[in-house]
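Everything below concerns the one structure shown next.
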Amino acid sequence: MQVIICQEPGVLAFKEQERPEVKEGYAQIRIKRIGICGTDLHAFDGTQPYFNYPRILGHELSGELLETGGAQGFKKGDVVTFIPYFNCGVCIACRSEKPNCCTEIKVCGVHIDGGMVEYLNVPAYSLVQGEGLTYDELALVEPLAIGAHSIRRADVKAGEFVLVIGAGPIGLGIMEFARIAGAKVIAMDINASRLKFCSNRLNIDYTIDVSTENVLERLSMITQRDMPSVVIDATGNLKAINEGFRYLAHGARYILVGLQKGDISLSHPEFHKREATLMSSRNATREDFQHVISSMKKGLVQPANYITHRVPFKRVKDEFEKWLDPTSGVIKAMIEI
Ligand SMILES: NC(=O)c1ccc[n+]([C@@H]2O[C@H](COP(=O)([O-])OP(=O)(O)OC[C@H]3O[C@@H](n4cnc5c(N)ncnc54)[C@H](O)[C@@H]3O)[C@@H](O)[C@H]2O)c1
Ligand SMILES: [Zn+2]
Ligand SMILES: [Zn+2]
């Protein structure tokens, strides 16, 4: 079978490899769609921390089930996606129903080879039934589940003001699931065209451009001086994360979805007087995947809003580098195979 390997930063190569043998406990999927996310672009760029090469990228996947591996409720020919965070099943996180932060986690396409292949073996327990959805929709479930997970972590209630900082693909998913939870959503970014996208395409109630507006004033005005009771970072930018503490309402929750390498700093008295809660949100669980799927089935999330670029498997090498350029306007590039 044909595979695309990231040999080293900046180098993608086509290779012919043996189709994997079917192993006990593993399902085999004929891959149909591969969504490209920031992690793949950073891995290609050489800026993804703790990344080893060579590596086959790709973790936003959908396809046709060729072997079920004994998974209950599945048959050959089913349209499927899967949860690409393979977990150990025995560590404290796994025992606490938090496989998304397993101490031994292996993310497909990050820690182990991923989905830029024609046939992929995945643990049978990771399969997710996709009946009634298209391959495009199914390949979007994983990135959207990241957003759904953060909204569940924050326990967002209808009518709350939720501020989402960062309107990249991850932030957009967070906004969608905040809106679905009935929140009043405020999108914040330094990129005016991304903010325009939020209001025009995702029907987000309020947008704030950090580079041109007085953020504290706008937030105070929008929330009638309460400030947002939920703030979610989806920038992965240290400065933005530190600033985010200033936007919290008294009693608010601050959820970090974005990730960076530095140390966070905050004013302890300001944090204390608010009795604020700080949480991280990592990956997603089956419950989040199911929530995304049912929201798609109800028409609450429109995949067409996300897929800005589409390319056949054979042409990935020619196109990949262009998606690193912010002016390409890429939100989600989808590889068809
Ligand atoms: N929690 C998880 O499991 C998980 C999964 C995937 C990605 N992530 C992380 O989520 C983050 C976002 O991912 P993405 O793919 O959407 O990234 P992205 O780079 O496409 O989007 C980030 C957005 O933040 C904006 N931004 C940057 N600095 C800002 C600032 N100071 N103020 C306001 N906005 C600012 C950028 O303009 C951009 O629109 C990354 O840190 C990524 O590592 C986390
Ligand atoms: Zn991803
Ligand atoms: Zn574990």
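The values are calculated or read from the model by the stated rules, or taken from the named source; none is laboratory data. In this text, all values refer to a predicted model and were calculated from it rather than measured experimentally. Note that we place each Cβ from the backbone using ideal geometry, even for glycine, and neighbour counts take in every protein chain shown. Only protein heavy atoms, including side chains, enter the accessible area calculation; ligands, DNA and RNA are left aside. Shrake-Rupley method; radii C 1.70, N 1.55, O 1.52, S 1.80 Å.
Of all DSSP-defined beta bridges confined to the chain, some 55% are antiparallel rather than parallel. Averaged over residues, the count of other Cβ atoms within 10 Å places the peptides 37-44, 158-165 in the sequence 158-165, 37-44, highest first. Each Lys and Arg adds +1 at its Cβ and each Asp and Glu adds -1 at its Cβ; summed about the Cα centre, the chain shows a dipole of about 500 debye. Among the GluC sites (Glu not before Pro) found in segment 267-306, those both in a DSSP coil and sparsely packed, with 16 or fewer other Cβ atoms within 10 Å of their Cβ, are Glu275. Of the trypsin sites (Lys or Arg not before Pro) in segment 201-283, the ones in a loop by DSSP (not H, G, I, E or B) with at most 14 other beta carbons within 10 Å are Arg225, Lys261.
Cα centroid separation, segment 167-198 to segment 36-92: 26 Å. Direction-averaged projected area, Cα convex hull, the chain: 16.8 nm², rounded to one decimal. When each full DSSP H helix of the chain is screened for a Cα extent of at least 15 Å along its own axis and an average Kyte-Doolittle hydropathy of at least 1.0, the helices passing are 169-180. Specify whether the C-alpha gyration tensor of segment 147-280 places it in the rounded, prolate or oblate class, a ≥ b ≥ c being the square roots of the eigenvalues: rounded for a/c under 1.5, otherwise prolate if a/b is larger than b/c and oblate if not. Rounded shape, in that the Cα axes give a/c under 1.5. Peptides 98-104, 56-62 ranked from most to least packed give 56-62, 98-104, packing being the mean of other C-beta atoms within 10 angstrom over each peptide's residues. Cross-link reach is defined here as a Cα-Cα straight distance under 12 Å, omitting same-chain residues fewer than 8 places apart; for Lys239 the aspartates and glutamates meeting it are Asp263.
With a threshold of 32 Å on the Cα-Cα distance, the over-threshold entries among Lys75/Lys297; Lys98/Lys322; Lys32/Lys157 are Lys98/Lys322; Lys32/Lys157. When shorter helices are ignored and each DSSP H run of at least 4 residues is given -39500 (n - 2.57), the per-residue value for the chain at 222 nm works out to -8000 deg cm²/dmol. Spin-label pair Tyr53-Ser267: with each label point 7 Å from Cα along the Cα-Cβ axis, the two points sit 4.4 nm from one another. Dipole of the chain computed with +1 at Lys/Arg Cβ and -1 at Asp/Glu Cβ about the Cα centre; of Val79, Thr212, Ile180, farthest Cα towards the positive end is Ile180.
Applying both filters, DSSP loop and at most 13 other Cβ atoms within 10 Å, to the GluC sites (Glu not before Pro) of segment 1-56 gives Glu18, Glu21, Glu24.
What is the percent carbon and sulfur in the accessible area of segment 190-296, measuring with a 1.4 Å probe over the protein chains and ignoring ligands? Whole-percent figure for carbon plus sulfur exposure: 48.
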